[in-house]
Structures are given as C-alpha cells and as structure tokens.
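In what follows, a single structure is set out as structure tokens and then discussed.
Throughout, read-outs are computed from the coordinates displayed, never taken from laboratory work. Since we're looking at a predicted model, the values are computed, not measured. For neighbour counting, all protein chains shown are included, and Cβ atoms are generated from backbone atoms with ideal geometry for every residue, glycine included.
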Amino acid sequence: MREPTKAPLGRPVDGPAKALRPRLAASILLLDRSESDVRVLVGRRSKQHVFMPDVHVFPGGRRDPGDHRIAFARDLPAPLLDRLVGIYRGRLSVSAVRALALAALRELHEETNLAVGPSWTDSDRPAGCLPFRPDLERLRYVARALTPPGHVRRFDTHFFALFTDEVDLDLAVLQDSRELEDFRWVPVGDPTEVAIPDITARILHAVHTRLDADPLLGFDGTVPYFHVRNGRPIRDLL
C-alpha cells in the first residue's frame, strides 16, 4: 500500500488543549468489489469545515439523539450487538449501540443520497421518518477511532463496512450534498489520488490487511482501536 497524501484533522484549539468530551459518531465504508481491486467511496469535505476541511473522507457523522428511534428493516447480527455493548462495559444499551449503525446509514443517505434498505410506500411511511428502513444485517465492524485532545471537535467514531453487492443499492442516485462533494471510488490499498486524513489512511490500511486475509470480510474479525495516550498514538485491538 503506497503512502497516501495525508491531511490534518483540522484547526487546533487556541491555547492549552481543552478537555472536550468525545461525541459518539459512526462512519460507513461502502466497498465495491466488482473489479480486481476493492474500492471504497470517499467524498471531499468543504474548505469551510472546522473539522477535517478540504479532505476526502468516508460518509458519516455524529450519532443524533433520535437515531435509536429509527425504524429499521433488519438488525445487526446479535454477536456484533453484544460486542459493541461489551466495548462500553454496559454503559451503553443495545438500543444505544444499534443507534451507531443507524447513524452511519442515516448519514450516508443525508450526505450521498444513497439508501441502504427498503423504501417506505407513501401510505405506510410514518411522519418524520427516513424515506427508507435501514438494513443493518450485512454491516461489518472494522474500526474505532478517538479524536486526540486539542482539536475543536472530538469524536468516538465507529466504522462499519458494507459491500455494495450485498444489498439493493442504487448507485445511480449518488449526488453531492452540503457535507460532501467530489465523490471518488478509490482503491482501498492505494487511495493516493485524493488527500485524506491520517486516521483515514490508517483505517484503510487496516481494512486492506483484513481483506487480504479474508476477502469476504467476515463478521468476527479483529477490530483496531486508534487513539492517543500520553501524546503517543496507540493501536489497540477490540
């Protein structure tokens, strides 16, 4: 895997680092394996963003308070739900960790117009609901990353992956949004055509390594956790 062009997370806070509490977030790696090299969808964030400006990233964002109430079509596999609950040692409920996956697919729709899951009909869609019911069953859990202290935004982000050929996904409706533009399908093992944050590069390297060992990206693979301790980058395994 060649070294990609990396970019900083964003503007650091002025003065001493502030003890910002990380907010729960989720991101989705859409994987296209129709060619010899598996490719992943990334979009460029605006230069005006305070956090990760003018770089290509995976679709995603923070978990919203209402995400746990989103009606879904199929659930995450039970072992994955248990795994996510275990990461937080019971501090988050099953509903709360499921909301991370729901947030990933909600953000995907808001940022790309892509919908993973069956559409509601006009007659049965509840008021205020997404236009589709997220299908979580084929999501893989591939990484967790904690934004280091000293940035204007901090997130505890969980990264999920999904092969595009495992769900009914209409890629023809992909379109720019206020959050992301200039969408690219870049090789997981060689994302050098775009500028990406360092953490994105590290996650892609981990996913590429996992794909080499298991092209099907099994649901029970080891998950890296990227964070900083005493100023040193740490890569633990979950």
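What the table below lists for this structure:
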| item | result |
| --- | --- |
| Positive dipole terminus of region 87-238, leading residue within P187, P149, L211 (C-beta point charges) | P149 |
| Relative compactness, the chain, computed as alpha-carbon Rg over 2.2 N^0.38 Å | 0.98 |
| Extreme residue, positive dipole direction of the chain, given options L76, L20, A161 (C-beta unit charges) | L20 |
| Modelled FRET efficiency - R0 30 Å, N230 with R62, Cβ distances, 0.05 increments | 0.70 |
| Per residue, the convex hull volume that the Cα atoms of region 67-173 enclose (Å³) | 126 Å³ |
| Overall form of region 30-93 per C-alpha gyration tensor (a/c, 1.5; a/b vs b/c) | oblate |
| Relative contact order (%) - criterion: Cα under 8 Å, at least six apart; region: region 66-124 | 35 percent |
| nm² value of the averaged projected area, convex hull over the Cα atoms of region 142-238 | 7.9 nm² |
| Likely footprinting exposure, R178, R98, R69, fewest C-beta neighbours within 10 Å first | R178, R69, R98 |
